[in-house]
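The values are calculated or read from the model by the stated rules, or taken from the named source; none is laboratory data. Note that the coordinates shown come from a computational prediction; the quantities given were computed from them, not determined experimentally. Here Cβ is always computed from backbone atoms with ideal geometry, including for glycine, and neighbour counts include all displayed protein chains.
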Amino acid sequence: MRSNFFISAASAVLLLTIGPSVHGQGSVFFNPSNSFVPEGNGTNSMTFVLTLSQPPTNVVTIDYQTSATNPYDPPSYRASALANIDYVPTNGTLTFPPGSTSQTFTVIFFGDILKEPDKYFWVIYGNPAGAAFRRLGDEIVSGYIFDDDPSNFLPGFKATEIATGLNFPTRMEFAPDGRLFICEQEGNIRIVKGGQLLQTAFLTLNVDTEDLAEAGLLGLAFDPGFVTNQRTIGLAALRQMEILRAPTLR
Ligand SMILES: [Ca+2]
């Protein structure tokens, strides 16, 4: 905070300049909280709380938005909760009147009855205005949706892990020769052969995965003559729901 004095014959006026301090060390920091909720069933909402370290003397505003990516991680590292499938993408501005240190907003999310891994997405805060903020690098929090469904295997069935390290697998198909072909949403077709996930992708398609909702590599099919010609066809949906037919693969 810096101040300027203007002195005239009639009066003395103190002007407080609101904004980054001279030394880049503001006096206010904001403390966002993660949100943890059980998944439940149907449509639910989760609340995020943002707290200021001290009551502001002016109106303070801070923007927020949900995000599938985290600016501190590579773009390929995506949140496991999917926008518009697991939660409703949300953004807005929190307004703190003078004296207010806490504001909230909610995000709608969707539960189901399937046994599945827990999911999360990020919330990014930015553009703080109205006070001299001290940035501590804690502008990002997570919304955790904990699966609360019991195992729903039919009698006689059990779960067995066959591969790890896959990046957003979307579809898997057994080839007639016994190999398991797995689609990764960002365009890789991976193969499990002899119980082992081959490290090199069978093929990488250049697909549009900007929002990863209903985009990317979503399926594959084998040529009816696969046993003799080994041809495989990969299918990917683009954001505009166009269908990309990949070149004939071997
Ligand atoms: Ca579930």
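Structure notes:
- Matching entry among 163, 159, 131 (being within 24 Å of residue 216 (Cα to Cα), more than 22 Å from the chain's Cα centre (by Cα) and not aromatic (Phe, Trp, Tyr)): 163
- Selection status of residue 47, among the hydroxyl-bearing types (Ser, Thr, Tyr) and either assigned to a strand (DSSP E or B) or modelled with pLDDT of 95 or more (or both): yes
- Any hit, the range 204-213, residues being at pLDDT 70 or above, farther than 21 Å from residue 81 by Cα and assigned to a loop (DSSP other than H, G, I, E, B): yes
- When the residues of the range 131-148 are filtered to those that are assigned to a loop (DSSP other than H, G, I, E, B) and at pLDDT below 90, the one that is surrounded by the most Cβ atoms within 10 Å (Cβ to Cβ) is 131.
- Single residue of 58, 41 found to be under 30 Å from residue 184 (Cα atoms) and over 11 Å from the mean Cα position of the chain (by Cα): 41
- Residues satisfying the criterion are absent from the range 54-61 (criterion: away from the ligand (no atom under 16 Å from the Cβ), polar (S, T, N, Q) and closer than 28 Å to residue 215 by Cα).
- Screening 174, 153 for residues that are at pLDDT below 85, outside the structural domain of residue 88 (by TED's automatic domain parsing) and over 26 Å from the mean Cα position of the chain (by Cα) leaves exactly one candidate, 153.
- Exactly one residue out of 71, 55 is surrounded by fewer than 12 Cβ atoms within 10 Å (Cβ to Cβ) and at negative phi: that is 71.
- Residues of the range 81-129 that are within 16 Å of the ligand (Cβ to nearest atom) and surrounded by 15 or more Cβ atoms within 10 Å (Cβ to Cβ): 81, 82, 86, 87, 109, 110, 111, 119, 120, 121.
- Within the range 113-124, residues that are under 17 Å from residue 168 (Cβ atoms) sit with their Cβ atoms under 8 Å from residues that are part of a strand (DSSP E or B) and within 15 Å of the ligand (Cβ to nearest atom), at 6+ positions apart or across chains, in these pairs: 118/144; 118/145; 118/146; 119/144; 119/145; 120/144; 120/145; 121/87.
- Of the criteria (1) charged (D, E, K, R); (2) exposed (fewer than 12 other Cβ atoms within 10 Å of the Cβ); (3) part of a strand (DSSP E or B), which one residue 171 fails: (2)
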